[in-house]
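The values are calculated or read from the model by the stated rules, or taken from the named source; none is laboratory data. Please read these numbers as outputs of a predicted model, since none were measured by experiment. Cβ placement follows ideal geometry from the backbone for every residue including glycine, while neighbour counts extend to all protein chains displayed. Just the protein is used for accessible areas: all its heavy atoms, side chains included, with ligands, DNA and RNA removed. Shrake-Rupley method; radii C 1.70, N 1.55, O 1.52, S 1.80 Å.
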Amino acid sequence: MHDAILTRLVSRKRRCCGGAVSQMDPTEQVLAQVKNDRAREALRGWLSAHSAVLVPESWRGKGYTSAQLIGAQLLRYRANPIVVILKINSSGGGTKEFNAHLRAVADSPDFAKDHLAKLLPDHIEVPGGGSIFLQSPAGGGLDETYQLDAAVQTYQAPDELCREITTSLLEAWNAGGAVEVETTSVGATLARTLGERLSGIGTITAWAGGHPGLQDDPRPWIDTAPEPLVNPFALIGQNSWGGTSVVNVWRGKVHGDLHPGNLLADLRRGSYCLVDLSRYTPTGLLGWDQVYLSLTTIAEILPDLGPQGRRSLGSWCLEPTTTITVDGLPVHLQQLLLGVDQASCDWARERNHVSGWRNQRLICLLAIALVLTGRSTLLPPESRTWFFWLAAAAATRLAQRIPGFPPPDDAVVLRRPLFVAGAVDDDVRPSAEVVSLDQRRQERRPPANAERDPTAQAEYWTRLSAELRAAEFDAPDAAVMSARTNRLRLQLPQAPTGTGGDLARYLGDLATALATASSPGTSRTERLAACRRADLLRAWILDRLA
């Protein structure tokens, strides 16, 4: 019977592809998609041991790790053919994820039946590190199943779909008194939530260690233009400023890593399925999944937004409204963000605690923005910079509720861009120092131009590209324009010796345009013209650098 099914499936695949499908054995077609050689051989051995066969599906997934997600049909395994998603990890994590998934199923068997992927009884260990999971999506198929960010592109009402999913996660998954209220502090909550990421080898510490005054003996404020922001690390820990701020937080069952790739939507049934529950916990911050889903969705589109769009999106994240006006943000993603936020607010409103929910949301926003700041292998430098400043802006709002929080008399000044590609030692790692308020108001003359080695030249162009993309060339007056472009204006004269041709001319013209736009004596008409010229020059320079 299985042989007949296999023959029909392969024949159907060939007809659907117009005969273009390789005559290769169907199992080998799936194995050929596995990028890691060790994982491929481990999967081949497991299939042989169980006399099982794989038939390829067209479904592919993507995530926020290096893991591969491949759809296939599994035949000759146990009683009936099943559709599976192969998750192939090239390094570690297998036992932890497997056990966390099993616990999630045991904690909520009814919810798991409808909304958690069904895990096959064992996972495949990959020699030398890594693992392979086989999981069957709730709903039984992949033909109408898409990862959420893809699903909302074709769904008729993406905001309604996201509202239903969010409400289900808050209510159905946490039914029967699963939600508990904990009285604690902002500092303790952040430390507990970020956990190992703050350790000596954690992803957040790996970045913050390059910036003295941030995590190590953190100063309360960070120098920014036009106004300083609170250092988020100053609020982390029971003995921090955040430790003095008492809050009530809601805890319950959360996925823990709910990016769009881990949430599969079945468009035909209007249902959803969760995969990859390696960070599942029954006592997580209840707002975590909603904020995590929103910010990881934003992470995908952020590099495509201009400075104004990124600024508008950051403002909405801090103070969500019922509409989003962000240049360059696709409508379906706007609907996703709105649906998630509005469903969360409605859930809190029914419990007469919207203000408390918003406060918990700020805590989640700070923590998750720091998590994404540490994603060095997954996000580009400018995106990580944006998320760090989002964390600092959330910390600033939380600090407003802390009695006796110090004024910004001293601040950490980040003398170089927050991220330097390939930084491995002290002479190229971003640095910071603590200076007085008067000192940080003074613009320092850039160092004289000098010969640079290839590494230093590459570092300069990386920094300049990041500043160009982040710069905002629109301002109500010259003073604001001066503050917004200060870092960029300081960098332009430091181009490596020998830079010539059109690129050198463009850099010089941009410096002139910014000086004109920032001059107090410039008229409004002249300033606007200089801003337009600067924006055009930016595009030319980035094009040359690319």
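Extending 7 Å from Cα along the Cβ direction at residue 346 and again at residue 457 yields two label points whose distance is 5.9 nm. The accessible surface of the chain, taken with every protein chain in place and a 1.4 Å probe, is 50 percent carbon and sulfur. Taking the Cα centre of the range 271-328 as origin and assigning +1 to Lys and Arg Cβ atoms and -1 to Asp and Glu Cβ atoms, the resulting dipole is close to 120 debye. For the range 267-359, the mean projected area of the C-alpha convex hull, equal to one quarter of the hull surface, is 7.7 nm².
Counting Lys and Arg as +1 and Asp and Glu as -1 over every other residue whose Cβ lies under 12 Å from the Cβ of residue 123, the net charge comes to -1.
Looking at the chain, the accessible area is 45 square angstrom per residue; that uses a 1.4 Å probe and ignores ligands, DNA and RNA. Residues 146, 292, ordered by accessible area of protein heavy atoms at a 1.4 angstrom probe radius and largest first, appear as 146, 292.
Summing +1 for each Lys or Arg and -1 for each Asp or Glu among the other residues whose beta-carbon sits under 13 angstrom from that of residue 34 gives +3.
With 0.36 nm allotted per residue and the present C-alpha distance subtracted, the residue 144-residue 401 stretch has 87.8 nm of extension available. The angle between the Cα long axis of helix 2-16 and the main principal axis of the chain comes to about 50°, on a 0 to 90 degree scale. In this Cβ point-charge picture (+1 for Lys and Arg, -1 for Asp and Glu), the range 48-129 has a dipole of about 160 debye about its Cα centre.
A simple count of charges around residue 186, restricted to other residues whose Cβ falls under 12 Å of its Cβ and scoring Lys, Arg +1 and Asp, Glu -1, yields +3.
Placing unit charges on the Cβ atoms of the charged side chains and taking the dipole of the chain about its Cα centre, the candidate lying farthest along the positive direction among 390, 220, 27 is 27. Placing unit charges on each Cβ (+1 for Lys and Arg, -1 for Asp and Glu) gives the chain a dipole about its Cα centre, and among 504, 353, 145 the Cα reaching farthest toward its positive end belongs to 145.
The solvent-accessible area of residue 241, taken with every protein chain present and a 1.4 Å probe, is close to 90 Å². The distance linking the range 284-316 with the range 148-209 is 13 Å (Cα centroid to Cα centroid, whole angstrom). Residue-wise HN-Hα couplings along the range 231-243, as the Karplus relation 6.51 cos²θ - 1.76 cosθ + 1.60 with θ = phi - 60° gives them from phi, are 5, x, 5, 6, 9, 9, x, 5, 9, 8, 4, x, x Hz; Gly and Pro carry x. You can think of it this way: the chain between residue 519 and residue 35 has 168.7 nm of extra reach, that is 0.36 nm per residue less the Cα-Cα gap.
If you look at the Cα atoms of the range 75-158, you get an Rg and a Dmax of 14.7, 46 Å. Taking amide H atoms as placed 1.01 Å from N in the peptide plane, the amide H of residue 229 lies under 5 Å from those of 222, 224, each 5 or more residues away in sequence or on another chain. The order of 524, 103 by accessible area, most exposed first and with a 1.4 Å probe, is 524, 103. For the range 303-402, averaging the sequence separation of C-alpha pairs within contact (under 8 Å, six or more residues apart) and dividing by the residue count gives a relative contact order of 25 percent. Pair-distance distribution P(r) for the range 332-400, from all Cα-Cα distances in 5 Å bins starting at 0: 3, 17, 18, 18, 22, 14, 5, 2, 0 percent.
Pairs of Lys residues in the chain that lie 8 or more places apart, or on two chains, and have C-alpha atoms under 27 angstrom apart add up to 22. Using only alpha carbon pairs under 8 Å that are at least six residues apart, calculate the relative contact order of the chain and give it in whole percent. Relative contact order of the chain: 12 percent.
Computed with a 1.4 Å probe on the full set of protein chains, the accessible area for residue 276 sits at about 10 Å². Rounded to the nearest 20, the size of the Cβ-charge dipole of the chain about its Cα centre is 540 debye, with Lys and Arg at +1 and Asp and Glu at -1.
Accessible-area rank, largest first, for 251, 349: 349, 251, with all protein chains present and a 1.4 angstrom probe. Per-residue ellipticity at 222 nm, computed for the chain from helices alone with -39500 (n - 2.57) per DSSP H run of at least four residues, works out to -14500 deg cm²/dmol. Only one residue of 169, 154, 233 has its Cα farthest out toward the positive end of the dipole of the range 122-234, where Lys and Arg carry +1 and Asp and Glu -1 on Cβ, and that residue is 233.
Counting every pair of alpha carbons in the chain, the share spaced more than 41 Å apart comes to 31 percent. Each label point was placed 7 Å from the Cα along the Cα-to-Cβ direction; for residue 409 and residue 529 their separation is 4.7 nm.
If a spin label sat at a point 7 angstrom from the Cα of residue 102 along the line to its beta carbon, the backbone N atoms of the range 278-301 nearer than 20 Å would be those of 278-283. In this rough spin-label picture, where each label sits 7 Å from Cα along the Cβ direction, the residue 51-residue 505 distance is 7.6 nm.
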